[in-house]
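> Please find one structure pasted underneath; my questions will follow.
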Amino acid sequence: MSNARSRLQLCFLLVYLGYAVQRSNGVWPLPQKIEGSAERHKLSPQLFSFTYENDSAAQTGCSVLDAAFKRYFSIMFPDFTDAPASGPHHMWSQPKGFVVSVSVKSSGCDGYPDEDSDESYKLSVSEGQALLRSVSVWGALRGLESLSQLVYQDDYGSYLINKTQIVDFPRFAYRGLLLDTSRHYLPLHAILKTLDAMSYSKFNVFHWHIVDDPSFPYQSRSFPDLSNKGAFHPFTHIYTQTDIRRVIEHARMRGIRVVPEFDSPGHTQSWGKGQPDLLTPCYKGGVLSESFGPVNPTLDSTYKFMGRFFKEVKSVFPDSYVHIGGDEVSFSCWMSNPDVGAFMKKMGFGIDYTKLESFYMENIMNMTATLNKTSIVWQDVFDYHERPRSKYVVEVWKQGCYLCELRRVTKAGLKVILAAPFYLDLPIPTHSWARYYSIPQDTILEIWKGTTVQYQAEMSRMTKSGHRVLLSAPWYINHISYGQDWRYSYAVQPQNFSGTEEQKKLVIGGEVAMWGEYVDATNLTPRLWPRACAAAERLWSDEENTLSADLAFPRLVDFRCKLLRRGIQAEPLFVGYCRHEHNGL
């Protein structure tokens with residue numbers, strides 16, 4: 001009890017000591033370099049303006065920044081009305097004009113953020129002005145967010161900002177947040193509000209786990225029965241094409257990518273309601289059981305459907321990434337089905353059903369690659385491919401660059417029989433050698449399970465194979481516990497695993513996951529925020545400067561109050577209060 005009491009007293013002390021400083025120069029997530037000052041300047045909303053520097057590639061008419069100027073003006077001056085400000089005025093701080101000058105090297109105002117977007121910025125705040133410089137509009141958005149957090153109010157309601165210098169850039173390029181809209185339908189307004197809150201924490205990827213076993217709310221143009229028969233309700237609990245365009249545009253204006261996930265071959269029970277013959281019929285005692293398992297990987301019709309479906313996905317979602325799942329596939333139904341068994345024998349898979357899933361997933365990955373999409377898959381796909389294969393013999397029989405295939409297979413440490421040059425015009429015979437299926441090298445692997453030791457070992461194996469990796473396992477914050485569980489998220493070290501520096505560079509980021517078994521619009525926001533902010537700082541900020549959760553605590557308390565001020569119903573971190581909460585949240 002004494003240790004617990006001492007820890008709580010330390011929290012109180014840190015909040016007390018840090019309050020005055022943090023409200024004047026607190027920025028979350030912590031910038032790479034920030035130099036604050038006690039020199040402060042009064043701001044008048046009537047005399048505050050944004051402008052573009054003459055050398056800026058973006059000028060008036062830039063949709064992203066013009067909208068951001070209006071949005072951030074309201075965020076910085078939430079109490080502003082056209083009426084004169086009330087309260088006492090101090091001679092030293094009579095308001096003067098203040099201009100925020102923005103300079104962007106490349107415009108890109110009509111495009112979408114992508115994996116190569118430069119989010120770096122430099123911000124200099126001094127008397128009467130702030131100068132914001134960035135390479136792209138996406139960096140300018142991050143700088144505007146930091147600027148907005150520097151503005152605060154004194155006890156008389158006057159707006160103030162301190163002299164500050166910031167040089168900032170993200171540690172990781174991919175900083176994601178997953179929402180599950182299948183287990184519970186999330187209304188459009190809840191998704192848009194989440195995107196707002198994401199931008200405040202500088203998240204830049206919305207991973208939309210849009211469909212799953214319980215429901216199929218995505219309204220497909222090509223296959224309308226998927227939502228007509230698979231959604232909770234065909235009219236009220238769906239996302240129309242208009243809804244999706246609105247989400248994508250709302251995200252774009254905040255520098256956030258939208259990466260959809262259409263998980264298969266498992267997690268597809270809702271698909272089967274609107275697409276006949278897609279799922280595998282299950283047998284019991286040699287008789288059809290009238291139940292269905294994963295997607296049927298043995299039928300040509302399956303791949304024709306998936307090809308047409310992902311072609312539509314490409315036309316709807318502009319991002320170059322698409323998540324195709326591949327996790328938690330139950331093999332029991334495949335094992336019960338005699339047609340699947342016959343296919344396994346024909347393909348030389350024996351009784352190893354991981355090979356069947358690998359066969360299916362490689363077909364889907366090749367399909368998305370043809371559409372110029374980079375696939376993200378759950379770690380299961382890698383685990384199945386990386387099973388020991390030393391006993392396998394691979395026959396290289398395809399025409400074309402069979403020497404390329406030879407190099408690829410031998411690099412994997414497998415024995416090879418070369419047949420391709422000797423087929424000539426003869427029909428290709430059936431053969432019993434185990435075929436070798438590989439994960440395309442540009443596929444991104446996402447780690448979602450395991451203890452710290454286990455996911456670190458997994459990261460070591462994945463990066464050694466040359467794949468880019470996302471870490472999600474320690475940030476499944478749909479799991480909750482009493483107390484300050486954000487500290488566990490804050491303690492994660494994404495590159496702390498055994499490997500070379502080149503391997504560690506292959507960790508491109510990570511994401512917070514909010515699965516929907518016990519989450520809908522009633523509790524989504526308070527469960528997410530400010531708990532997700534811990535991962536946001538870990539993915540953006542320098543790790544050496546943010547090792548202490550105790551030192552981060554007062555800054556996070558302050559940021560949580562800012563979220564409340566912005567209409568985000570973030571739950572409290574501990575006992576205490578926010579200055580404006582008496583006005584209603």
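The values are calculated or read from the model by the stated rules, or taken from the named source; none is laboratory data. Fair warning: this is a prediction, and the values are worked out from it, not measured in the lab. Quick reminder, even Gly has a Cβ in these numbers, built from the backbone with ideal geometry, and neighbours come from all protein chains shown. Side chains included, ligands, DNA and RNA excluded: accessible areas come from the protein's heavy atoms. Shrake-Rupley method; radii C 1.70, N 1.55, O 1.52, S 1.80 Å.
> Going by what's in this entry, would T298 be described as open to solvent by 20 Å² or more (accessible area, probe 1.4 Å), in contact with a helix residue (DSSP H, G or I) (Cβ under 7 Å, 6 or more places away or on another chain) and among the β-branched types (V, I, T)?
yes
> For the stretch 154-185, enumerate the residues that are under 16 Å from F98 (Cα atoms) and surrounded by fewer than 20 Cβ atoms within 10 Å (Cβ to Cβ).
Passing the criteria: S158, L160, N162, K163.
> Pairs please, first residue from the stretch 542-569 and over 21 Å from S148 (Cα atoms) and at pLDDT 95 or above, second anywhere and among the hydrophobic types (A, V, I, L, M, F, W, C) and outside any helix (DSSP H, G or I), Cβ atoms under 6 Å, 6+ apart in sequence or on different chains.
Taking only residues 6 or more apart or on different chains, the pairs are T546/L30.
> Still on this structure, I have one more. Quick one: in the stretch 456-489, which of the residues that are more than 13 Å from A534 (Cα to Cα) and more than 22 Å from the chain's Cα centre (by Cα) is surrounded by the most Cβ atoms within 10 Å (Cβ to Cβ)?
So, considering only residues that are more than 13 Å from A534 (Cα to Cα) and more than 22 Å from the chain's Cα centre (by Cα), the one surrounded by the most Cβ atoms within 10 Å (Cβ to Cβ) is R461.
> Can you tell me which residues in the stretch 105-128 are in a loop (DSSP other than H, G, I, E, B) and among the hydrophobic types (A, V, I, L, M, F, W, C)?
C109
> Going by the conditions given, is D327 out of contact with any helix residue (DSSP H, G or I) (no Cβ under 6 Å at 6 or more places or on another chain), surrounded by 15 or more Cβ atoms within 10 Å (Cβ to Cβ), modelled with pLDDT of 95 or more and not in a strand (DSSP E or B)?
no
The rows are residues; the columns are (1) open to solvent by less than 60 Å² (accessible area, probe 1.4 Å); (2) in a strand (DSSP E or B).
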position	(1), (2)
W271	yes, no
L288	no, yes
T302	yes, no
E312	yes, no
P318	no, no
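> Tell me the residue from M335, M344, M367 that is aliphatic (A, V, I, L, M) and under 19 Å from M306 (Cβ atoms), please.
Going through M335, M344, M367 in turn, the sole match is M367.
> Let me ask another. What pairs can you find where one residue is in the stretch 179-203 and aromatic (F, W, Y), the other is open to solvent by 10 Å² or more (accessible area, probe 1.4 Å) and modelled with pLDDT of 95 or more, and their Cβ atoms are less than 7 Å apart, with a gap of 6+ or different chains?
Short answer, once both residue conditions are applied: Y185/F232; Y185/H237; Y200/R566.
> Moving on. Is it the case that R23 is charged (D, E, K, R) and modelled with pLDDT under 95? Walk me through how you get there before you give the answer.
On the way: charged (D, E, K, R): yes; modelled with pLDDT under 95: yes.
Here the answer is yes, as R23 does meet what is asked.
> Another question, if that's okay. If you go through the stretch 555-585, how many residues are open to solvent by 50 Å² or more (accessible area, probe 1.4 Å), among the charged types (D, E, K, R) and part of a helix (DSSP H, G or I)?
2
> Does R246 fit the bill of being open to solvent by 10 Å² or more (accessible area, probe 1.4 Å) and out of contact with any Phe, Trp or Tyr (no Cβ under 8 Å at 6 or more places or on another chain)?
Values: open to solvent by 10 Å² or more (accessible area, probe 1.4 Å): yes; out of contact with any Phe, Trp or Tyr (no Cβ under 8 Å at 6 or more places or on another chain): yes.
Here the answer is yes, as R246 does meet what is asked.
> Could you go through the stretch 50-57 and let me know if any residue there is among the hydrophobic types (A, V, I, L, M, F, W, C) and either on the phi > 0 side of the Ramachandran plot or modelled with pLDDT of 55 or more (or both).
yes
> On to the next question. Could you go through the stretch 219-238 and let me know if any residue there is open to solvent by less than 10 Å² (accessible area, probe 1.4 Å), closer than 21 Å to K314 by Cβ, in contact (Cβ under 8 Å) with a residue 40 or more places away in the chain and within 20 Å of the chain's Cα centre (by Cα).
no
> Next question, about the same structure. Being under 31 Å from the mean Cα position of the chain (by Cα) and either modelled with pLDDT under 95 or open to solvent by 50 Å² or more (accessible area, probe 1.4 Å) (or both), is that true of even one residue in the stretch 86-103?
No; the residues of the stretch 86-103 include none that is under 31 Å from the mean Cα position of the chain (by Cα) and either modelled with pLDDT under 95 or open to solvent by 50 Å² or more (accessible area, probe 1.4 Å) (or both).
> OK, next. Go through the stretch 161-206 residue by residue and tally those that are of a type in the set (D, E) and under 28 Å from A38 (Cα atoms).
Summing the residues that are of a type in the set (D, E) and under 28 Å from A38 (Cα atoms) in the stretch 161-206 gives 1.
> Does L8 satisfy being open to solvent by 60 Å² or more (accessible area, probe 1.4 Å), modelled with pLDDT of 95 or more and either aliphatic (A, V, I, L, M) or under 29 Å from the mean Cα position of the chain (by Cα) (or both)?
For L8, the condition - open to solvent by 60 Å² or more (accessible area, probe 1.4 Å), modelled with pLDDT of 95 or more and either aliphatic (A, V, I, L, M) or under 29 Å from the mean Cα position of the chain (by Cα) (or both) - is not met.
> The conditions are (1) among the small types (G, A, S); (2) in contact with a strand residue (DSSP E or B) (Cβ under 7 Å, 6 or more places away or on another chain); (3) modelled with pLDDT under 95, and A83 fails exactly one of them. Which is it?
Here A83 meets the rest and fails (2).
> Would you please name the residue that is farthest from V211 (Cα to Cα), looking only at residues in the stretch 249-285 that are in contact with a Phe, Trp or Tyr (Cβ under 8 Å, 6 or more places away or on another chain) and hydroxyl-bearing (S, T, Y)?
T280
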